[in-house]
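See structure below.
The values are calculated or read from the model by the stated rules, or taken from the named source; none is laboratory data. Since this is a predicted model, take the numbers as computed values, not measurements. FYI the Cβ positions are ideal-geometry reconstructions off the backbone, even for glycines, and counts take in every protein chain you see. Areas reflect the complete protein model, heavy atoms only, side chains present, ligands, DNA and RNA absent. Shrake-Rupley method; radii C 1.70, N 1.55, O 1.52, S 1.80 Å.
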Amino acid sequence: MNRYTGDSLHVAVIGAGMGGLASALALAKHGIPCINVYETASNLGFVGAGIQLAPNMARILDHLGCWESIAKEATDIKHAGIRRHNDNTELAHVDLSYILKEYGIPHMVGHRFSLADAIFNACKKETGITFHFSTSCTGIKSWTPKPTITVKPREGEPYDVSADIVLAADGIKSVIRPQILKELNVEAEVTDSGQSAYRIMLTREQMTSDPEMLELLDSDQVTRWIGERRHIIAYPISNKSIYNISTAQPDVHFAAAPSATYTTRGSKADMLDNFKDFCPLVLRMLNLVPEGEVCEWKLRVHNPLPTWVRGSVALIGDACHPTLPHLNQGAAQAIEDAGVLAIVLSKLPDHSPDSINKALKVYEHVRKERAETLVALAAASGKTLHLGEGAAREERDKQFAALKDKGGPSPDKAVDAEVQKMILGTDVMRIANDEFEALFQKL
């Protein structure tokens with residue numbers, strides 16, 4: 001099927017998070033000539049936090065020409081350690097060096113801003129991409145013949161934008177998702193996971209007087225401390241100048257908050273109380289966090305949607321498949337969305353609404369089941385990690401011991417070889433490319 005070369009295709013992208021940025025770049029790299037990105041924030045302003053850079057993400061970013069700069073300051077993770085929360089005993093140790101041999105790219109970790117900044121800088125080199133910061137989308141005004149959105153600059157009057165395609169990468173608080181569902185007479189409200197997270201970054205200077213901390217910072221290891229209903233995961237980033245710590249714990253502070261509240265300024269005393277039964281090493285690290293710099297994030301999800309597509313409008317990333325962080329695949333799955341969208345839209349036989357809808361349906365076919373499977377796996381893995389006293393935890397720890405001694409399945413699915421094979425060994429862009437014609441003709 002030859003790519004259509006008639007009138008220019010105009011794509012409006014709502015949101016400049018990982019999914020929106022990657023979509024804009026991927027579309028431009030695949031010949032889409034006019035891409036406008038609308039972002040509520042005045043700049044990228046990504047919150048300082050680490051992020052896991054799995055090979056399935058890196059493969060796409062390498063294809064898009066922006067992986068090299070990200071990898072330069074990322075940490076090549078060769079080991080994963082799972083430790084008991086209260087005494088720091090190692091329950092399992094996983095050698096991750098096989099990932100490079102098996103998939104051609106190592107598993108790395110880095111700074112979230114470095115990832116976003118690299119994609120953004122690559123976008124700025126593409127003449128077809130225009131960013132509109134401080135401009136929010138208030139919704140879809142009309143669906144046909146071309147979708148029209150209403151956008152509102154922070155300082156200015158609202159105006160309408162018509163495009164051939166609208167890609168809603170506007171996150172868990174998406175304004176487009178409920179509109180699509182309303183058209184379908186479907187309800188799929190955002191739901192509380194019952195969990196929240198602290199995100200912490202400690203500098204080398206803060207850790208320099210503690211040999212145990214420095215050993216962690218200088219390692220090539222992801223370490224997870226697991227306890228009842230809570231855990232901590234940590235790893236070095238930014239050329240090992242920063243130790244990134246992320247937690248998961250029962251949600252207390254958001255339970256009575258308005259549903260629109262997703263972050264809050266946390267209390268250091270509350271954070272320390274949450275993890276008071278963790279080992280001295282963890283508590284020493286948490287104690288280094290300055291008072292007033294504790295931020296807590298609510299972890300929210302929603303049930304699988306019946307569809308991600310309505311006409312020439314499609315959802316991307318957290319707008320359609322938000323996930324808990326226990327599988328380290330949130331950003332990677334949004335970037336997979338971007339890669340597949342670029343393939344299917346570059347293969348359009350024409351720019352008619354019918355063809356565009358079919359192409360977006362191909363995107364959904366390639367991505368939806370896979371993304372939702374990983375969302376479910378992440379939730380299940382979190383439950384296993386957070387087991388309390390009892391037979392189930394004893395069985396889990398036996399599996400960890402067996403993994404440490406002779407290999408085998410891991411209760412922590414983020415480091416399970418078979419799960420990794422399914423995640424890392426799948427090239428979604430290749431699948432979209434190979435299967436597009438057959439899938440498109442069936443629709």
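Screening SER267 against (1) open to solvent by less than 30 Å² (accessible area, probe 1.4 Å); (2) at pLDDT below 95 leaves a single unmet condition, (1). Scanning segment 144-183 for residues that are assigned to a strand (DSSP E or B) and either at pLDDT below 95 or buried (at least 22 other Cβ atoms within 10 Å of the Cβ) (or both) yields ILE149, ILE165, VAL166, LEU167, ALA168. Listed by first and then second residue, the pairs with beta-carbon distance under 8 Å, at least 6 apart or on different chains, first residue in segment 307-327 and of a type in the set (Lys, Arg), second open to solvent by less than 10 Å² (accessible area, probe 1.4 Å), are ARG310/ILE180. Which residue out of ASP397, ASP337, ASP412 is charged (D, E, K, R), open to solvent by less than 20 Å² (accessible area, probe 1.4 Å) and closer than 23 Å to PHE278 by Cβ? Criteria check complete, one pass: ASP412.
Once segment 184-201 is narrowed to residues that are at pLDDT 90 or above and either in a loop (DSSP other than H, G, I, E, B) or open to solvent by less than 50 Å² (accessible area, probe 1.4 Å) (or both), the residue that is nearest to ALA379 (Cα to Cα) is GLN195.
The set of residues in segment 377-387 being over 28 Å from GLU364 (Cβ atoms), open to solvent by 20 Å² or more (accessible area, probe 1.4 Å) and in contact (Cβ under 8 Å) with a residue 40 or more places away in the chain consists of HIS386, LEU387. Tell me yes or no: at least one residue of segment 329-351 is in a helix (DSSP H, G or I) and either at positive phi or of a type in the set (Asp, Glu) (or both). The answer is yes; a qualifying residue exists.
Screening ILE70 on (1) outside any strand (DSSP E or B); (2) free of Cβ contacts under 8 Å to residues at least 60 places away in the same chain; (3) in contact with a Pro (Cβ under 7 Å, 6 or more places away or on another chain); (4) not charged (D, E, K, R) shows it passes everything except condition (3). The set of residues from segment 74-99 being open to solvent by 10 Å² or more (accessible area, probe 1.4 Å) and either touching a Ser or Thr at 6+ places or on another chain (Cβ under 8 Å) or among the basic types (Lys, Arg) (or both) comprises ALA74, LYS78, HIS79, ARG83, ARG84, VAL94. Restricting THR307, THR323 to those that are open to solvent by 30 Å² or more (accessible area, probe 1.4 Å), hydroxyl-bearing (Ser, Thr, Tyr) and either in a loop (DSSP other than H, G, I, E, B) or in contact with a strand residue (DSSP E or B) (Cβ under 8 Å, 6 or more places away or on another chain) (or both) reduces the list to THR323. Collect the residues in segment 15-66 that are touching a Lys or Arg at 6+ places or on another chain (Cβ under 6 Å), closer than 26 Å to ILE245 by Cα and assigned to a loop (DSSP other than H, G, I, E, B), keeping them in residue-number order. Matches in segment 15-66: PHE46, ALA49. Selection of segment 226-248 for residues being part of a loop (DSSP other than H, G, I, E, B) and farther than 22 Å from SER69 by Cβ yields GLU228, ARG229. Of all the residues in segment 45-67, those that are modelled with pLDDT of 95 or more and either open to solvent by 50 Å² or more (accessible area, probe 1.4 Å) or of a type in the set (Asp, Glu) (or both) number 4.
With respect to LYS442, is the statement that it is modelled with pLDDT of 95 or more, more than 17 Å from the chain's Cα centre (by Cα) and among the charged types (D, E, K, R) true? Taking the combined requirement at face value, the residue satisfies it. When you scan segment 112-128, do you find a residue that is in contact (Cβ under 8 Å) with a residue 40 or more places away in the chain, in a strand (DSSP E or B) and not β-branched (Val, Ile, Thr), even just one? No, that holds for no residue. A single member of MET429, MET422 is without any contact (Cβ under 8 Å) to a residue 60 or more places away in the chain and part of a helix (DSSP H, G or I), and it is MET422. Taking THR373 as meeting all but one of (1) of a type in the set (Ser, Thr, Tyr); (2) open to solvent by 40 Å² or more (accessible area, probe 1.4 Å); (3) more than 21 Å from the chain's Cα centre (by Cα), write down the number of the exception. The one condition THR373 does not meet is (3). For ASP434, the stated conditions hold: it is of a type outside the set (A, V, I, L, M) and out of contact with any Ser or Thr (no Cβ under 6 Å at 6 or more places or on another chain). Please go through segment 353-370 and pick out each residue that is within 26 Å of LEU424 (Cβ to Cβ), open to solvent by less than 40 Å² (accessible area, probe 1.4 Å) and not aliphatic (A, V, I, L, M). Within segment 353-370, TYR363, GLU364, ARG367, LYS368, ARG370 meet the criteria.
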